[in-house]
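Participant: Here it is, the structure in full.
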Amino acid sequence: MAHTLAFPGVFTKSNNYLFIMEFMESNAADPGPAAHKNKAVATLLALLLGSVGLHRFYLHGLKDRWGWLHAVSLPLSALLLLSNPELPLLINTLPLVISTLTASIETFVLGLMPDEKWDLRYNPASGIKSDSGWPVALMMVVNLFCGATLLLTVLARSFDLLLTGGAYG
C-alpha cells in the first residue's frame, strides 16, 4: 500500500520515484552565472594559507578531499606535539611541514598556469577573461624564497637528526 504524503492522489506505487525526480528538477533553483575564480586570489591563498588548504576550498569547494587533508595537518601536528614533547620539533610537525611544502608546489602550479588554461579549467562558464599580471609574478618570487628556505631547513635538520642524532639543535 503506497503512502500519500501532502499531495493526495499524486503518488502511486508506479510513479513515486519518477514524480519526485521531476518535481525536484522543475523546482531546482537556477544557479545563475558561474562564479569567476580569480587566479591572483587563489595564488595568494595558496601562498599564505595553503598549508591549511584554503586555496583548495576556494577552487573546489568544501568537498575537496585534498583540501581537508591539508586542513587536518595543523591539528594533527598540534596533537603530536602535545603527546610527544620529547621528540624533535621536525618529527612532531611533520604533517604540517609536508602540507606547507606541498602548498608551495601548488602555489607554483597555480601561479605559473597560463591565463587561458586557467580560464578553461576554473572559469569555463564565467565569460570573464583572466588577466593576472604582476601581482602573481611577485607572489612567485616570494614563494620561491620561502619554499626554498623551508626545503633547505627541513633537509638540514633531517640530516642533522639522521647523522648526529640531533647534536646541533
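Quick note: the coordinates plus some simple rules give every number you see, no bench work behind them. Worth saying up front: this structure is predicted, and the values here are computed from it rather than measured. Note: ideal-geometry Cβ built from the backbone for every residue, glycine included; neighbour counts use all protein chains shown.
Participant: Among the candidates 87, 150, single out the residue that is surrounded by 11 or more Cβ atoms within 10 Å (Cβ to Cβ), in contact with a helix residue (DSSP H, G or I) (Cβ under 9 Å, 6 or more places away or on another chain) and assigned to a loop (DSSP other than H, G, I, E, B).
Facilitator: Sole residue among the options that is surrounded by 11 or more Cβ atoms within 10 Å (Cβ to Cβ), in contact with a helix residue (DSSP H, G or I) (Cβ under 9 Å, 6 or more places away or on another chain) and assigned to a loop (DSSP other than H, G, I, E, B): 87.
Participant: Say whether the condition of being surrounded by fewer than 13 Cβ atoms within 10 Å (Cβ to Cβ) and not in a helix (DSSP H, G or I) is met by at least one residue in segment 135-143.
Facilitator: Within segment 135-143, not a single residue is surrounded by fewer than 13 Cβ atoms within 10 Å (Cβ to Cβ) and not in a helix (DSSP H, G or I).
Participant: Every residue in segment 105-118 that is surrounded by fewer than 21 Cβ atoms within 10 Å (Cβ to Cβ) and either over 16 Å from residue 59 (Cβ atoms) or hydroxyl-bearing (Ser, Thr, Tyr) (or both), please.
Facilitator: 114, 116 - these are the residues of segment 105-118 that are surrounded by fewer than 21 Cβ atoms within 10 Å (Cβ to Cβ) and either over 16 Å from residue 59 (Cβ atoms) or hydroxyl-bearing (Ser, Thr, Tyr) (or both).
Participant: Can you pull out the residues in segment 136-160 that are more than 19 Å from residue 112 (Cβ to Cβ) and touching a Leu at 6+ places or on another chain (Cβ under 6 Å)?
Facilitator: Within segment 136-160, just 157 meets the criteria.
Participant: Which numbered condition trips up residue 56, out of (1) exposed (fewer than 12 other Cβ atoms within 10 Å of the Cβ); (2) charged (D, E, K, R); (3) over 27 Å from residue 161 (Cα atoms)?
Facilitator: (1)
Participant: Quick one: is residue 69 part of a helix (DSSP H, G or I), of a type in the set (A, V, I, L, M) and under 18 Å from residue 48 (Cα atoms)?
Facilitator: yes
Participant: If you check every pair at least six apart or on different chains, which have Cβ atoms under 9 Å apart with a residue in segment 50-74 that is touching a residue at least 40 places away in the same chain (Cβ under 8 Å) and under 24 Å from residue 123 (Cα atoms) first and a residue that is buried (at least 17 other Cβ atoms within 10 Å of the Cβ) and among the basic types (Lys, Arg) second?
Facilitator: Matching pairs, first to second residue: 50/56; 59/37.
Participant: Looking at segment 111-126, which of the residues that are part of a helix (DSSP H, G or I) and under 16 Å from residue 41 (Cα atoms) is farthest from the chain's Cα centre (by Cα)?
Facilitator: Result: 115.
Participant: Follow-up question, since we're still on this one. Would you be able to say whether some residue in segment 74-93 is within 12 Å of the chain's Cα centre (by Cα) and among the polar types (S, T, N, Q)?
Facilitator: No; the residues of segment 74-93 include none that is within 12 Å of the chain's Cα centre (by Cα) and among the polar types (S, T, N, Q).
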